[in-house]
Amino acid sequence: MSENDPVTTRDWYTPPRGAKTPRDTPLDPVDTRVPTSRYTDSGFLEREFELLWSRTWHLVCRESQVPEAGDYLVYDLGKRSFLVLRGGDGAIRAFHNSCRHRGTRLCSGRGNTGRRVTCPYHRWSYDLDGRLREVTDRDTFCPLDDAAYGLSEVAVGSCAGFVFLYPDAHPPESLDAFLGEVPALLAPYRFEEAVTTLDVSMPCSANWKVLVEAFVEMYHVHAVHPELLSTLDDVNTYFEGLGRHSWMIVPTAVSSERLGDRVGEIERLEAFIAMMAQGVGVRSRDHRSAGEETAGALRRKFTNGAGELVLPGGSSVRDVFLEMARKGLEDKGFDLSGLREEQFLDNHQFHLFPNVVMNCYAGLNMFLRFRPHATDPGQCTIDLLLIELIGDPEERRARRAQHEDYAEGEVSLGEVVDQDTDFLPEVQAGLAAGDLEHVTLSKQEIRIVNFHKALDRYLPRDTGG
Ligand SMILES: [Fe+2]
């Protein structure tokens, strides 16, 4: 390196464990091609239901979304529907959402069942632990073995305050085995103590994997989100596979290596405040961003008497915001001593195979899940949660979110997410046009490679996968 070369993130950043920048990532050419049919073919979608979704753990909800006995949440995936239910004993169970009489869906959405789950068709009812309780006009049936007519239960587990289910009572591998290192990496964030402050679902006209893949690489940032380049380093983002899962670490409040040393600290401060103003949340497309208030406060904090943005003597934007984040959470009374310094500022983003992405910051988890459409490989549903550590009990109550469903594009989910969701149907349209046999991946897309290698275990390519 010559004296005049700019110092890059790579020169000073110490990533945890074996995380690597793309330059240092080995890549086998065999793994770089993914058949386009995986995104567009109805037969492949069906095989995913049969071979993947019926044989993997699913992240279904947060424990705090079913806090009281009788609280339920219905989790739909394709044609299947599961009832997640808190019992009188405090345990969370999950059942096929179907009456044992003639199959009727028992519940929809979320709510509280009271002391029993009652079928709306003929009013058969079940205890909260799934046992058959009452059969209307039982004497008109041939003798029923009640033990064989309980709700059909599936396996559940939990991690970091999230509830998982396996769509069978006897999973071939435990949730712990499935998650591997993920629980230990999530534990220091203490998300089990956090409040869900946004809970939104919205369809998107693209395959669920197109959505996953857009969120696990940084290669498109310079094209689709160029305004972010002043405040994060997309080039020196670090990647690490975690078995089927993976994570990346995005250095934040520094600038992209693509910009060289063109961005000064005050310009970076300006860009960082602008990024905060974009925020994430639901609003009408022309409504003021929820983040603008925060950004306004930041702008006032760093403006001097002459109306100029300034930083405290000698500090970098990164130093200032690392300290602010840590102090803010300490003041709220949370013990986040298990987090490394970088975790107070940098996005540590997890891909939980197959369909969940968690953007983890100290005190905030921006959670995305992408569920496939039952029959159309070109459609999916986005479930977006914001999960925040809030100390004040009054504020915790006030900010707890109700679930909201929207039509595609009906509301904004924040500018960066909108840039992706507005754009990804164009990706799907290009894939579906039929003139491309495979997509081609680079080292910067190594997490997509990792994702498809994991998929291969469920859907081997030599069987049309
Ligand atoms: Fe994006």
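The values are calculated or read from the model by the stated rules, or taken from the named source; none is laboratory data. Treat the numbers as computed from the prediction; the structure is a model and nothing was measured. Cβ atoms come from the backbone with ideal geometry, glycine included; neighbour counts cover every protein chain shown. Just so you know, the surface numbers come from the protein's heavy atoms only, side chains and all, with ligands and any DNA or RNA stripped out. Shrake-Rupley method; radii C 1.70, N 1.55, O 1.52, S 1.80 Å.
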Original post:
Modelled label-to-label distance, LEU309 and ASP422, 7 Å Cα→beta-carbon offset: nm?
Top reply: 2.2
Subject >> Label-point gap, in nm, between ARG138 and ARG102 - each point 7 angstrom along Cα→Cβ >> reply: 2.1
Subject >> Protection proxy ranking, peptides 297-304, 31-38, 366-373, 204-211, average beta carbon neighbours within 10 Å, highest first >> reply: 204-211, 366-373, 31-38, 297-304
Original post:
What does the helix-only formula give at 222 nm for the chain: each DSSP H stretch with n ≥ 4 adding -39500 (n - 2.57), the total divided by the residues, and the result rounded to the nearest 500 deg cm²/dmol?
Top reply: -7000 deg cm²/dmol
**OP:** Using a 1.4 Å probe and ignoring any ligands, DNA or RNA, find the accessible area of TYR458 and quote it in Å² to the nearest 10.
**Re:** 30
Subject >> Probe 1.4 Å, accessible area per residue of the range 58-170, Å² >> reply: 47
Original post:
Given a cut-off of under 8 Å on Cα pairs at least six residues apart, what relative contact order in percent is computed for the range 58-170?
Top reply: 26
Subject >> Gyration tensor verdict on the chain (Cα atoms; rounded if a/c is under 1.5, prolate if a/b is larger than b/c, oblate otherwise) >> reply: prolate
Original post:
Once fully extended, how much extra length lies between ASP129 and ARG396, figured as 0.36 nm per residue of separation less the alpha-carbon to alpha-carbon distance?
Top reply: 93.2 nm
**OP:** Sort the following peptides by mean Cβ neighbour count (other Cβ atoms within 10 Å, averaged over residues), highest first: 262-270, 399-407.
**Re:** 262-270, 399-407
Original post:
Taking K and R as +1 and D and E as -1, what net charge do the other residues with C-beta under 10 Å from the C-beta of GLY161 add up to?
Top reply: -1
Subject >> the chain, accessible surface, carbon-and-sulfur percent (1.4 angstrom probe) >> reply: 49
Subject >> Förster-model FRET efficiency, 51 Å R0, GLU193 and ARG457, C-beta, rounded to 0.05 >> reply: 0.90
**OP:** First measure r as the distance between the Cβ atoms of GLU181 and HIS122, then evaluate 1/(1 + (r/R0)^6) with R0 = 56 Å and state the FRET efficiency to the nearest 0.05.
**Re:** 0.70
Subject >> Within the range 344-372: backbone nitrogen closer than 15 Å to the ARG55 label point (7 Å, Cα to C-beta) >> reply: 354
Original post:
Against the longest principal axis of the chain, how steep is helix 265-278, in degrees 0 to 90 to the nearest 10, with axes from Cα atoms?
Top reply: 20
**OP:** May I ask for the net charge around ASN355, where only other residues with Cβ less than 15 Å from the Cβ of ASN355 are counted and Lys, Arg are +1 while Asp, Glu are -1?
**Re:** +4
Original post:
For the peptides 235-248, 177-190, what is the packing order when you average, over each peptide's residues, the other Cβ atoms within 10 Å and list the highest mean first?
Top reply: 235-248, 177-190
Original post:
So what is the relative contact order of the range 46-98, in percent, for Cα pairs below 8 Å that sit 6 or more residues apart?
Top reply: 25
